[in-house]
Amino acid sequence: TNPGFVVRITQAGLDYAHQQGIMILEKKLAQLTLPDISGDSRVLRVGKVHYELSRLRLRNFHLPYSRISPVPDVGLQVSISNAFAELDGDWRVKILFIRDHGSFDLKVENVYIKISLKLGSDAAGKPTVSTSDCSTRISKVRVLFSGKFGWLYNLFHSAIESKFKKILESKVCDSVTKSVHSELQTYIRTLPVTAKIDARTGIDYSFVAPPAATAQSLDTGLKGEFYSLAHRSTAPFSPLPLSLPSDHDRMVYFGASSYFFNTAGFAYHTSGALVFEITDAMIPKDVDFHLNTSTFSAFAPQLEQMYPNMPMKLRLSTLTAPFLNIGPGGISLKPVVDVQAYAILPNSSLAPLFVLSLVRNVSAVIDMRSGHIAGSLNVGRIKLSLKDSVVGTFPVRLLQSIMNIFASEILLPRLNARLDEGFPLPLPDRIQLFNSFVRFHQNFLLLGADVHFQPK
């Protein structure tokens, strides 16, 4: 399935996410709990030595050098080098007739960690991440005993250092795997794959395939489809292939196809949201006419005879969902609207009068702010034709200026107020976008931005 919406995370975006993740991983590794260690060792000219190490405490665990890389057909790879840690604890030793105890310090240096992350999606289209591989190599461990016979105990440190090395190497990867599951997996699941827009519509951002790693970025195809909450039905058109340009100046890019926007029109149309009614009470006070049969009888004389001095109502509706086009020059559409005019009778029932067909060129201005795609519409002059009438034929050209007022002073502000609220982009929790731009391409809209993560 072709995606209707594409998200690209560039190397700069991955680097930023990686910085946040490394800070969390450092804290997790510093909380490692290590088991007590005991054993026997034979020391030349001394004999058998029994030792016990307990209350092992990690003072810190630093990851100063690391990088993240997208790996095609694998996912993401995190490489950590020259990491180091410091521990302390208590010791007890028995050598022949000597028994002693004290404290010790241990330094772990030149720690190398390699982590492979597998990216995917579940049956509901939500993102998943897991550790597909983890390896830890520790080059240097140094333990220093303090106490009356510290010089003697340091003679058998190699056996202890070897045990420490094996335990730490295992514990580090265990901690990494748990952190990926409890921290990273939990966090990316906050990315909404469906979003309720209003009382009538929602957006489906579910993954149509697992994220694809390239040499320079991570690309994810999303369904990118608006739907009616009351009755979800398949749009009568399909998304075209969508390929983003090779831009890498921003941390993240969004590709919103014409399919994405046209499903919005389809969803609003099928949900009945594109039906608007205009009454006299809605006409601005500074406009010098009223919506009644007396006013309109100047254009259709039979009105005054059939329905003298009665208020009127206009109902605007689209016969089909509006279909827009996206090109390098912007967004344009040419909706066809039926305007049904009614007389409001004394008993409040409606008497149909005539139907006008209204065609108007419309262009859109798109902006991105606060994690939303927002916009506004600009309209050209209206083209009118009389489609049906029970009050006789009349020249609609004379109604041109009145319909322009209705559209620009009443209808357009309502539409733009809704568009100004915007539609949410697919973002996980606590992500803010800045330094954004919007560009038009053939059949899709490209939005780019940098990212700021707000910690809890």
Query raised in the report: What strands (runs of 3 or more DSSP E) completely inside segment 186-290 contain at least 1 residues that are aliphatic (A, V, I, L, M) and touching a Ser or Thr at 6+ places or on another chain (Cβ under 6 Å)?
Result: 275-279
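Each row is one residue, and each column tells you yes or no for (1) charged (D, E, K, R); (2) farther than 30 Å from L433 by Cα.
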{"position": "E304", "(1), (2)": "yes, yes"}
{"position": "N309", "(1), (2)": "no, yes"}
{"position": "L314", "(1), (2)": "no, yes"}
{"position": "S317", "(1), (2)": "no, yes"}
{"position": "L324", "(1), (2)": "no, no"}
{"position": "G330", "(1), (2)": "no, no"}
{"position": "V339", "(1), (2)": "no, yes"}
{"position": "A343", "(1), (2)": "no, yes"}
{"position": "L353", "(1), (2)": "no, yes"}
Report task. Take T201 and decide whether it is polar (S, T, N, Q), loosely packed, with under 15 Cβ neighbours inside 10 Å and over 26 Å from F434 (Cβ atoms). Result -> no
Requested in this report: Look at E52 and say whether it is open to solvent by less than 60 Å² (accessible area, probe 1.4 Å), over 30 Å from F237 (Cβ atoms), of a type in the set (D, E) and assigned by the TED database to the domain that holds S162.
Outcome: no
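Considering P239, P245, which residue is crowded, with 16+ Cβ neighbours inside 10 Å, under 21 Å from the mean Cα position of the chain (by Cα) and in contact (Cβ under 8 Å) with a residue 40 or more places away in the chain? Walk me through how you get there before you give the answer.
Values: P245 fails: crowded, with 16+ Cβ neighbours inside 10 Å.
Among P239, P245, only P239 is crowded, with 16+ Cβ neighbours inside 10 Å, under 21 Å from the mean Cα position of the chain (by Cα) and in contact (Cβ under 8 Å) with a residue 40 or more places away in the chain.
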Report summary line: Listed by first then second residue, the pairs whose first member lies in segment 182-206 and is closer than 16 Å to F261 by Cβ, whose partner is assigned to a strand (DSSP E or B) and charged (D, E, K, R), with beta carbons under 8 Å and at least 6 positions apart or on separate chains, are G202/K196; I203/E225; D204/E225
Requested in this report: Consider L356 carefully, then state whether it is within 16 Å of F299 (Cβ to Cβ) and surrounded by 14 or more Cβ atoms within 10 Å (Cβ to Cβ).
Outcome: yes
Query raised in the report: Given the conditions (1) touching a Ser or Thr at 6+ places or on another chain (Cβ under 7 Å); (2) at pLDDT 90 or above; (3) surrounded by 15 or more Cβ atoms within 10 Å (Cβ to Cβ), and given that G102 satisfies all but one, which numbered condition is not satisfied?
Result: (2)
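The values are calculated or read from the model by the stated rules, or taken from the named source; none is laboratory data. If you're wondering where the values come from, they're calculated on a predicted model, not measured in any experiment. For neighbour counting, all protein chains shown are included, and Cβ atoms are generated from backbone atoms with ideal geometry for every residue, glycine included. Remember, those area values only see protein heavy atoms, side chains included, never the ligands or the DNA or RNA. Shrake-Rupley method; radii C 1.70, N 1.55, O 1.52, S 1.80 Å.
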